[in-house]
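Report on the structure given below.
The values are calculated or read from the model by the stated rules, or taken from the named source; none is laboratory data. These figures come from a predicted structure and were not determined experimentally. Every residue, glycine among them, receives a Cβ derived from its backbone with ideal geometry; neighbour counts consider all protein chains shown. Only protein heavy atoms, including side chains, enter the accessible area calculation; ligands, DNA and RNA are left aside. Shrake-Rupley method; radii C 1.70, N 1.55, O 1.52, S 1.80 Å.
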Amino acid sequence: MDLNLNPDELKFRDELRVWLSANVPAPFAGRGGEEEKGEHFEYLRAWQKKVCDAGWAGISWPKEYGGRGARLIEQAIFTEEWARAEAPQLINVLGLSLIGPTIISVGTPEQKQRFLPKILSAEEIWCQGFSEPNAGSDVASLGTKAVLDGDHFVVNGQKIWTSLAHVADWCLLLVRTDPNVPKHKGITALLVDMHSPGVTVRPLRQMTGDSSFNEVFFDNVRVPVANVLGEVNKGWSTAITTLMNERAHLGTGIYVQFKRNLDLLLERSRQIKRGGKPVSEDPVIRQKIAQAYMELEIFRLTNTRALSKMHNQSVPGPEGSILKLQWSEYNQRFQQIAMEVLGPAAQLHGFDDGQWIFNYLRTRANTIEAGTSEIQRNIVAERVLGLPKSY
Amino acid sequence: MDFDLSKPQKLLQQSAREFFARACPPEKVRELMATGTAFDDALWRDMADQGWTGLIIPEEYGGLGLSLVDLIAVVEEMGRACLPGPFISTLWAASLIARAGSEGQRKQYLEPISMGEMKATVALLEESADWDLDAVSMRADKDGKSYRLRGRKEFVNDAAVADLIVVVARSGEDLVLLPVESGAAGLTITETPAIDATRKLYSLEFEDVEVPESSALAFTTRIREAVEEATETAMVALCAEMLGGMEWTLATTVEYARTRQQFDKPIGAYQAVQHQCADMFLMTESARSAIYYAAWAMSEKDPLAGLAGAVAKAYCSDAAREVGNRGVQVHGGIGFTWEHNLQLYYKRAKSSEILFGDAGYHRNAIARKVIDEVE
């Protein structure tokens, strides 16, 4: 056990700290949750451009592709410093954390040159077209078809739950290129221009009232063969590369946001009075807040542990498989506690810009997106504990 | 950065695992729980030969002088074996003596503890059963050059086997720490049979037990902090022991789910059973994150170590019980029997949940630190 940083890591941290203190913009007025719209979107895109110009975007990417070749510990430091400085999130998150790394590992030299710089600068925003109406947890059963026609694939079908599609310029799309083989063996990954003729994006309105993900329809969309990522009919292994990145990265950024929410709730609990006393003095509320603090802290520690294991041994340890369950289920419990702390005002769209009610509703999706809790538990049971397969 | 046991720590852990698998199999646990003290002198001496009774005691007092992280690597294995006896109690007392004792007292007590020649415990709780030091009210009145202890201590672990009992009492407004030897005149030790027969509890009655003033552990004026720190040390070790118990329960349950067949399939192929096991894994690994960090923070004297300790005990208290609940459920009827070893771990989890304060107690401690102490 040694959680102290080495001199190189300390230097990295200090350099980042100095840059952030000089460059973090004033927060965008208005609540979170509508990052993908209008002025807020432009604010975030401009922020990422600034981050990129200073060399802080995609720090985990190799230097030759515009990154810093940062190792995992530095990525964790990056996240912590980002939190400390209350810096806005990077808008092209799917490109930076999922699609870029996949292009780096299986893309052609031309693809790398063409796509990577604009992912870093947020000049081109990316989305990920995996899920379909009939292919959710069982993504490999997807039915969106691509048929070869000369030097193009012609794509027909529908994707759903596609975050950022309404602002995206490009999509990493999984399509079926061979319907006559077992489902995992007939899938191809394509890099699709979202401005192509035949692409229609229809925002889905969520229970929060916002529209941050979409249905995407493909009607005879022509995609050059040069835009196959990886090999034809080997798209499943490309997708796995992407999903591995998803598991490796999603835990890190999330702590930032959650800690801020907890700190804000602590502040509110001292301000709001009930029965003539601050809510923070209510013994039941204190127990609940302490429980939330404990759970969030254990998520932070498990995340650090998972990073350290990957950093030192280059393979993910079993602890990584519980991170998604930890954060998603924590967040649901936390937002409920927040409702109880805040009292009747919590339900008002006008209280704290409506962020509590938004978060409360938004967390319902946490145990569904990026692998449902049921799928996560299946993975733990079968791959980590070695129980027999259930399907 | 390395959030894991080091290579030497893993080797130490492996040797401890092999040692306890050999020296303390379940039959041994059952044999000892049926005795009056749950203590086996030969086993204790073997542990002392390995250096474990003095693992974190400085070398100058005959210990190995290792860190708290080294210690928990070994204690985790004690938990996996459901080791009976006064290890945690002795550790608690030794940690207290190390902090509050004079040089002479440290030599007097820590050397024999390291050598395995002395077992010890701490008498803290009273009828109020409150872990808060403010609740200590037993009198230790000054009478010339002596203190006189009058009153009762409750829930004292391993008192019948302890050669030394460190009594936390009150003289005027001040806390005093008085070492009392097991045969002291006026001391009556009565077993209070409880859920966990592998770590027995006692009620202690003090009728004018005389302790010379010079025997008091009063090398520091910060008695309260000394008790708190020593308790945190023993508590994080207890958490590691709970972790070992959780690991045993998880491994045993997974193995059962792999082999037990119903409706022509192993029950572990059903998601309802798989998800119970996945939750047990989640709780076990979450506990590990909290415990390893707390032990490291304490060994580094991190200012937030106390908070890390409270987080670890709050989490482990609920998790160890819940892992046991799921384990029994997956086993079905056999898991509810006296014959199955699950019951040993299930009961240990409950007694450990209570020892040093349960989840509610430690959530209060967390709340004081994160809600009330604003920078």
Check your understanding: Build a GNM of chain B with springs between Cα atoms under 10 Å: which of B:R45, B:R222, B:R17 gets the top mean-square fluctuation?
Key -> B:R222
Revision key, fill the gap. A:V341 neighbourhood, Cβ < 11 Å, K/R = +1, D/E = -1, net charge +2
Check your understanding: Per-residue HN-Hα couplings for the stretch B:295-306, Karplus 6.51 cos²θ - 1.76 cosθ + 1.60 at θ = phi - 60°, whole Hz, x for Gly and Pro?
Key -> 5, 5, 4, 5, 5, 8, 6, 5, x, 9, 4, x
Practice item. Whole Å is fine, so just give me how far the alpha carbon centre of the stretch B:194-240 lies from that of the stretch A:93-113. Key: 60
Exercise for review: With a point put 7 Å past each Cα toward its Cβ, work out how far A:N156 is from A:Y391 in nm, to one decimal.
Suggested key: 2.8
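For the stretch A:238-384, calculate the relative contact order in percent as a whole number, restricting contacts to Cα pairs under 8 Å that are 6 or more residues apart.
This gives 23 percent for the stretch A:238-384.
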Point to revise | A:F213 long-range amide H proximity, modeled H, under 5 Å | key: A:L204
Revision key, fill the gap. When chain A is treated as a Gaussian network with springs between alpha carbons less than 10 Å apart, the largest mean-square fluctuation among A:E80, A:E215, A:E281 is found at A:E281
Study note, to complete from the structure: If each part is reduced to its alpha-carbon centroid, the stretch A:266-341 and the stretch A:156-196 end up apart, in Å, by 36
Practice item. With a 1.4 Å probe and every protein chain kept in, tell me what percent of the accessible surface of chain A is carbon plus sulfur. Key: 54
Review point. Could you give me the ³J(HN,Hα) list for the stretch A:110-115, computed from phi with Karplus coefficients 6.51, -1.76, 1.60 and θ = phi - 60°, whole Hz, x at Gly and Pro?
Key: 5, 4, 4, 5, 5, 9
Check your understanding: Can you give the average number of partner chain beta-carbon atoms within 10 Å of each beta-carbon in peptide B:264-275, as a whole number?
Key -> 5
Check your understanding: What angle, in degrees between 0 and 90 and rounded to the nearest 10, separates the Cα long axis of helix A:283-313 from the longest principal axis of the Cα atoms of chain A?
Key -> 40
Exercise for review: Scan chain A and report its longest stretch carrying no trypsin sites (Lys or Arg not before Pro) that are both in a DSSP loop and have at most 14 other Cβ atoms within 10 Å.
Suggested key: A:1-204
Exercise for review: For the stretch B:7-119, with all protein chains present and a 1.4 Å probe, just round the carbon and sulfur fraction of the accessible area to a whole percent.
Suggested key: 52
Review point. Percentage of Cα-Cα pair distances in the protein assembly as shown greater than 49 Å, rounded to whole percent?
Key: 26
Point to revise | Folded to 0 to 90 degrees: helix A:38-53 orientation relative to chain A principal axis, Cα | key: 80
Practice item. Could you pull out every residue, at least 5 positions away or on a different chain, whose amide H is within less than 5 Å of the one on A:L5? Hs are placed 1.01 Å off N in the peptide plane, and Pro or chain starts have none. Key: none
Point to revise | Sequence-distant residues sharing a close amide H with B:V180 (under 5 Å, placed H) | key: B:I165, B:V166, B:V167
Practice item. Excluding A:V155 itself, calculate the net charge of residues whose Cβ lies under 12 Å from the Cβ of A:V155, where each Lys or Arg counts +1 and each Asp or Glu counts -1. Key: +1
Check your understanding: Cα-Cα over 23 Å: which of A:K11/B:K7; A:K288/A:K324; A:K11/A:K50; A:K145/A:K185?
Key -> A:K11/B:K7
Check your understanding: Where in the stretch B:164-260 are there GluC sites (Glu not before Pro) that are in a DSSP coil and have at most 14 other Cβ atoms within 10 angstrom of their Cβ?
Key -> B:E173
Revision key, fill the gap. Rounded to one decimal in Å, the inverse mean reciprocal Cα-Cα distance for chain A, i.e. its Kirkwood radius, is 22.4
Exercise for review: Please determine, in degrees from 0 to 90 and to the nearest 10, the orientation of helix A:323-342 with respect to the longest principal axis defined by the Cα atoms of chain A, where the helix direction is its Cα long axis.
Suggested key: 40
Review point. What FRET efficiency, computed as 1/(1 + (r/R0)^6) with R0 = 22 Å and r the Cβ-Cβ distance, is obtained for A:E123 and A:F28, rounded to the nearest 0.05?
Key: 0.60
Check your understanding: Can you run phi through the Karplus equation (6.51, -1.76, 1.60; θ = phi - 60°) for the stretch B:240-247 and list ³J(HN,Hα) in whole Hz, with x for Gly and Pro?
Key -> 5, 5, 4, 4, x, x, 5, 4
Review point. What average count of beta carbons from other chains do you get within 10 Å of the Cβ of residues in A:373-386?
Key: 5
Check your understanding: Averaged per residue, what accessible area in Å² does chain A show with a 1.4 Å probe, protein chains only?
Key -> 44
Revision key, fill the gap. Kirkwood radius from Cα pairs of the stretch A:238-384 plugged into Stokes-Einstein at 4 °C, 1.567 mPa s, gives D in µm²/s equal to 78
**Study point:** Radius 12 Å from Cβ of A:V175, net charge of other residues (Lys, Arg +1; Asp, Glu -1)
**Key:** +1
